[in-house]
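Everything below concerns the one structure shown next.
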Amino acid sequence: MTKEEMGKVLIDLQEKENFLREAGQAEYAHSEEEAFSNFMRVGQYLGVDRKKVLLVYMLKHIDGITAFVNGHESQREDIEGRILDARVYLALLAGMVREERAMTPRQRKELKPKEHKKRLVESLKNDPHLNKE
C-alpha cells in the first residue's frame with residue numbers, strides 16, 4: 001500500500017468514526033449534555049470509574065481483533081467494524097482524559113462513582129429516551 005493509499009484509508013476511517021460516534025451518542029449516552037453518561041451510569045451501578053467501564057467495552061473489540069490476527073476470521077462483526085469501534089473508544093477515552101485534566105481536584109473527586117450522582121441525575125433529566133411525554 002502506498003503512502004497516498006494509506007492516507008485515503010485514514011480519511012475513510014475518520015468519516016466512519018464520526019458516524020459511529022454520533023450513532024453511539026444517540027443510542028447509549030441518551031444526552032446531548034453528557035457524552036459519557038453511559039459510562040457514568042454503568043460505573044455507578046458497578047462502583048467503578050467511568051474509564052474502567054470504557055476499557056471493558058473496548059477490550060471486547062480488542063479481543064475480537066486479537067482473534068482475527070491469530071487466524072479466527074468467522075466473527076459476528078466484521079474486523080473493520082471492530083477496529084472502528086476500538087478507535088471510537090480510544091477517542092472517547094481521550095475526551096475523558098482531556099476533560100479530567102481541565103478539572104479542579106474537587107471536580108475530579110465528583111466523578112468518582114459514589115460521588116457523581118448529582119451530575120448523572122442532571123444529565124438524565126434531559127434524556128429524551130427516559131423522559132418521554
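The values are calculated or read from the model by the stated rules, or taken from the named source; none is laboratory data. Not measured: the values here are computed from a predicted model. Neighbour counts run over all protein chains shown; Cβ positions are idealised from the backbone, glycine included.
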Report summary line: (1) surrounded by fewer than 11 Cβ atoms within 10 Å (Cβ to Cβ); (2) in contact with a Ser or Thr (Cβ under 8 Å, 6 or more places away or on another chain) all hold for G47 apart from (2)
Query - Of the criteria (1) over 12 Å from the mean Cα position of the chain (by Cα); (2) within 17 Å of D85 (Cβ to Cβ), which one T2 fails - result: (2)
Query - Count - residues of segment 104-133 that are of a type in the set (A, V, I, L, M, F, W, C), part of a loop (DSSP other than H, G, I, E, B) and either surrounded by 13 or more Cβ atoms within 10 Å (Cβ to Cβ) or at pLDDT 95 or above (or both) - result: 1
Query raised in the report: Quick one: in segment 12-43, which of the residues that are touching a helix residue (DSSP H, G or I) at 6+ places or on another chain (Cβ under 6 Å), among the polar types (S, T, N, Q) and modelled with pLDDT of 85 or more is farthest from G81 (Cα to Cα)?
Result: S37
Query raised in the report: In segment 63-85, how many residues are over 22 Å from Q25 (Cβ atoms) and modelled with pLDDT of 90 or more?
Result: 10
Query - Test for V56: is it over 23 Å from L111 (Cβ atoms), exposed (fewer than 15 other Cβ atoms within 10 Å of the Cβ), β-branched (V, I, T) and at pLDDT 90 or above - result: no
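This table checks each residue for (1) assigned to a helix (DSSP H, G or I); (2) touching a helix residue (DSSP H, G or I) at 6+ places or on another chain (Cβ under 8 Å); (3) touching a residue at least 24 places away in the same chain (Cβ under 8 Å).
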{"residue": "V53", "(1), (2), (3)": "yes, yes, no"}
{"residue": "K60", "(1), (2), (3)": "yes, no, no"}
{"residue": "T66", "(1), (2), (3)": "yes, no, no"}
{"residue": "S74", "(1), (2), (3)": "no, no, no"}
{"residue": "L84", "(1), (2), (3)": "yes, yes, yes"}
{"residue": "V88", "(1), (2), (3)": "yes, yes, yes"}
{"residue": "A91", "(1), (2), (3)": "yes, yes, yes"}
